[in-house]
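*Asks:* For reference, the structure I am asking about is given below.
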Amino acid sequence: MKLRRPGTSPELLPDVDPEQDCQELPLVTVGQPSDKHTSDDDQAHGDSHDHDITWETVADPTAVSAPTTQLATWLHGRGRWSIGLERASLVVEQAINRLTGVPHLNPLYHTGPIATFLLLLVFLSGIYLFFFFQYGYEASYQSVVRMENQFIGRTMRGIHRYASGALVITTLLHAFRMLVWEHFRGPRWLAWVTGLLMTAVIWLAGVTGYWLLWDERAQLLTDRFVHFLDSFSDWGTRLLLFMVQAETADQSWAVLLIIFAAHLLLSVLIGLFFWLHIKRLSRPRWVPELPWLVGMGLVLLLGAIIVPTGVLPPATFTQLPGPHDLDPIFLFFLPLAAGWETAVVWGGLLLLGGLLLALPWLGSRQQKPPPVHIFKDRCTGCTKCALDCPYQAIQMVERQDGKRHKYIAIEDPSLCTSCGICVGSCDGLALSLGPSAPEMMWEAVSAQLLLAQAKGDSVWLLFTCERHARVGKPAADLAGQAATELVVLPCVGSVPPGLLTRALDAGVASIQVVGCPPHDCLNREGNLWTEQRLTRQRVPRLKRAYTQAPITAEWVAPDQFGQAVTEPPPPADNGEPDYLSRRAMDVDIPRRGLLVGLVLLLLVMLLQIGLTRLPWTPHTGETAVLQLLVPDLAQPLRGHQSALPDMAGSLEVWINGRLSQQQPITTQALHDASRTPYYQAFDLPPGDYHLHLILTVPERRATYTLFEQPISLAPNQILRLDHQPRLNGFCVNQICGY
């Protein structure tokens, strides 16, 4: 099976006439032109135009040191921490490449499209489940039970659950790769921030999805959420009171409708963040290639059929949840005990999230290359730079200077990542990074050639990107290689085909381009565009006369640089080296590689299913819970002639004659019924107890007995006292009444 990539034919922007707008101005000779390889066939296929300046007409340099130094200013600086992280991650990547046999099947190179595909599956399966979902404590749970009893519903629930977990894992992997590459600086800040926020919202949407089931997990989520709100306000008490009263009034549909609205709102936010995430990208990859689509879809389908998600017992306000499976991807916080453990975990996550969000604006000592600069007097409006730019930093506008070409390219430095791909797309030398003219590239190359040729050796010219130069070890890999000259550019997409042919005409024996693996380019499309230019599939093409010239290319990871520069080109049928095939990125995917890739997907899915089914017992059976939920503490006082509503007091809870809890009650709360709801939970061993609930007003030496009677708690029982209190007894100034 052979994988092909998009964009294999020359492109032009809409409304551009290739016969008029892409034909350049008459030739003005600069230096000595070399047109011996330009044929009528090249002209017919758009391979050569009469530019003001071409790589064949650029004059040779008069200095040998300054151009190389200037070219180094194009390179991005990277921190040691990011280089170290990438070298460590390459160990894992190469292990996967060795298993599959080809880098095309490495899932780490496809984390963005895989996440998009999973997000689509989550949305589509969620829409299907929505049509069969009902609202209400009992109604919601029973609708899930009915879906689980049907094959299609059970399968869609499984796909929804497993795709959601895989989506979180994939987005975290994608974020890690962007962090390693330092793709959060400059104009990439928007994609970085929205990606992090989108991951957080995906996690929240998963939590609310679990809450909608209204089973024992939902019961635990409700308990944790109430405790969280009560830690800084009385909102938790009010929420629990609302949920209890909704059950009593048979209005529980409102509770589930609110949870569903939150789930829907989070889904809309995911879509918004996703749109912002790709807003500045040209040609975003929506889905991975066919093998990944088929493999992932098949694995998710098999996982949903073979290992259904199942249904837990329903949530109840009278019994503690029993043992069940825990999903640490979404519900990792449930086992945390209240107190310092929860504070440390959430505090650490918030601190880490804030630090990651602030990364684009944290100062960096690393070198920042200049943005794109267009020499307007050379631009012929051919549109190739605007089409090749991966980040929409170049736009074509209609000319207003009276020249015959319809368009002129306009740069937007605020969107430029200084990848240099546009420099490689322009055979008219109209683009550069910074104010230095692009001729500097030939000056730098020619200067190195002059030094090497002075030694009388045949020169081997090697172009590579800054990722290979910084993460790999090209100096060590090239040690001992005779007359090898290394040219480092921001991306191999910066290499114009005309520069290579000029170097061959200048006496270079052979040229090699070493770029990133397929779908793993540091600048998204730089390796793809260069491969298509060198194989004559995209303009500006390598000239036809150089089809079998000694120009080769290798598309490997930085730690494979040494292996790439030692492999000879394969021979053709006539026994001569086949240089054209050595430039291609397309490979025949072996069946073994497809099988290994499918097995890897299955193993990852089994691991994820295993993670979502970790056994957990939230309660041991040696505990019971006493919940006191009083809608209005002051209600029995307001109608009593001896009540003292103008004084503050406190509520005391006595269990078996011991003071267990004391809560102050303000004067304002005694006047306002909406301010005096009370909730408190006590974990107690099963057994018999005597409960005494007293409201005291110390300044008037008054006590009011709101509740006093024996209670009995069974193992795992939740005893909730949520009735309106009545005045069981009162004492004022040592005078008591009933």
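Here, each number is a calculation from the coordinates, and none is a lab measurement. Since this is a predicted model, take the numbers as computed values, not measurements. Note that we place each Cβ from the backbone using ideal geometry, even for glycine, and neighbour counts take in every protein chain shown.
*Asks:* Counting only residues 5 or more places away or on other chains, whose amide H sits under 5 Å from the amide H of Ile665 once H atoms are built in the peptide plane?
*Replies:* Gly649, Ser650, Leu651
*Asks:* Going by C-beta contacts inside 10 Å, put Thr620, Thr342, Thr417 in order with the fewest on the left.
*Replies:* Final ranking by Cβ density, sparse to dense: Thr620, Thr342, Thr417.
*Asks:* Going by how many other Cβ atoms sit within 10 Å of their own, how do Arg613, Arg582, Arg404 line up, fewest first?
*Replies:* Final ranking by Cβ density, sparse to dense: Arg404, Arg613, Arg582.
*Asks:* Going by C-beta contacts inside 10 Å, put Lys543, Lys406, Lys368 in order with the fewest on the left.
*Replies:* Lys368, Lys406, Lys543
*Asks:* Grab the beta carbon distance between Ala95 and Leu611, set R0 = 22 Å, and tell me the FRET efficiency rounded to 0.05.
*Replies:* Details: r = 21 Å, r/R0 = 0.97.
Between Ala95 and Leu611 the formula returns 0.55.
*Asks:* Given Cα positions, please report Rg to Rh for region 374-480, the hydrodynamic radius being the Kirkwood one.
*Replies:* On the way: Rg = 17.6 Å, Rh = 16.2 Å.
Value, to two decimals: 1.08.
*Asks:* Quote to one decimal, in nm, the extra length available between Asp325 and Asp505 on full extension: 0.36 nm per residue of separation minus the C-alpha distance between them.
*Replies:* So the chain would gain 57.9 nm between Asp325 and Asp505.
*Asks:* Output ³J(HN,Hα) for region 607-616: one whole-Hz value per residue in order, computed from phi by the Karplus curve 6.51 cos²θ - 1.76 cosθ + 1.60 with θ = phi - 60°, and x for Gly and Pro.
*Replies:* Taking θ as phi minus 60°, the curve returns 5, 5, 4, x, 5, 6, 10, 6, x, 8 Hz for region 607-616.
*Asks:* Show the residues, 5+ positions off or on another chain, whose built amide H is closer than 5 Å to the amide H of Leu326.
*Replies:* Correct list: Leu614, Trp616.
*Asks:* In a shell of Cβ-Cβ distance under 15 Å around Ile258, excluding Ile258 itself, what net charge do Lys and Arg (+1) and Asp and Glu (-1) give?
*Replies:* Within the 15 Å Cβ shell, the charges total 0.
*Asks:* If you find the alpha carbon centre of region 368-420 and of region 289-306, how far apart are they in angstrom?
*Replies:* 42
*Asks:* Give me D for region 343-390 in µm² s⁻¹, whole number, from Stokes-Einstein with Rh from the Kirkwood sum over alpha-carbon pairs, 20 °C and 1.002 mPa s.
*Replies:* Translational diffusion coefficient: 140 µm²/s.
*Asks:* Of the listed peptides 526-538, 195-207, 229-241, what is their order by residue-averaged count of other C-beta atoms within 10 Å, with the highest listed first?
*Replies:* Descending packing order for the listed peptides: 526-538, 195-207, 229-241.
*Asks:* How long is the gain from Asp688 to Val344 if the chain were fully straight, where each residue apart is worth 0.36 nm and the alpha carbon distance is subtracted?
*Replies:* Gain in length upon complete extension: 120.2 nm.
*Asks:* With θ set to phi - 60° and the Karplus curve 6.51 cos²θ - 1.76 cosθ + 1.60, what are the ³J(HN,Hα) couplings of region 382-392 in order, to the nearest whole Hz, using x for Gly and Pro?
*Replies:* 6, 6, 5, 5, 5, 6, 7, 4, x, 10, 6
*Asks:* What area, in nm² and to one decimal, does the C-alpha convex hull of region 101-361 cast on average over all directions?
*Replies:* 16.0
*Asks:* Another question, then. Under a 5 Å amide H to amide H cut-off, with H placed in plane at 1.01 Å, what residues pair with Tyr391 once short-range neighbours are removed?
*Replies:* Placed amide hydrogens put Ser282 under 5 Å from Tyr391.
*Asks:* Okay, next question. Sort 149-158, 357-366, 622-631 for me by packing, meaning the mean count of neighbouring Cβ atoms within 10 Å per residue, highest on top. Spell out each step's value before the answer.
*Replies:* Values: 149-158: 16.3, 357-366: 11.7, 622-631: 18.8.
With the highest mean Cβ count within 10 Å placed first, the list reads 622-631, 149-158, 357-366.
*Asks:* Another question about this same structure. Using the Karplus curve 6.51 cos²θ - 1.76 cosθ + 1.60 with θ = phi - 60°, work out ³J(HN,Hα) for each residue of region 423-434 in order, rounded to whole Hz, and write x for Gly and Pro.
*Replies:* 5, x, 8, 9, 8, x, 6, 9, 10, 7, 9, x
*Asks:* Continuing with this model, one more query. How far, in nm, would the chain grow between Leu290 and Ala261 when pulled straight, counting 0.36 nm per residue and subtracting the alpha carbon separation?
*Replies:* 6.9 nm
*Asks:* Take each of the peptides 595-608, 211-224, 489-502, 388-401, average the number of other beta-carbon atoms within 10 Å over its residues, and list them starting from the highest. Before the final figure, lay out the partial values.
*Replies:* On the way: 595-608: 16.1, 211-224: 22.1, 489-502: 25.8, 388-401: 17.9.
Averaged packing, sorted descending, gives the order 489-502, 211-224, 388-401, 595-608.
*Asks:* Between Phe232 and Leu351, how high is the FRET efficiency from 1/(1 + (r/R0)^6) when r is the Cβ-Cβ distance and R₀ = 22 Å? Nearest 0.05.
*Replies:* 0.75
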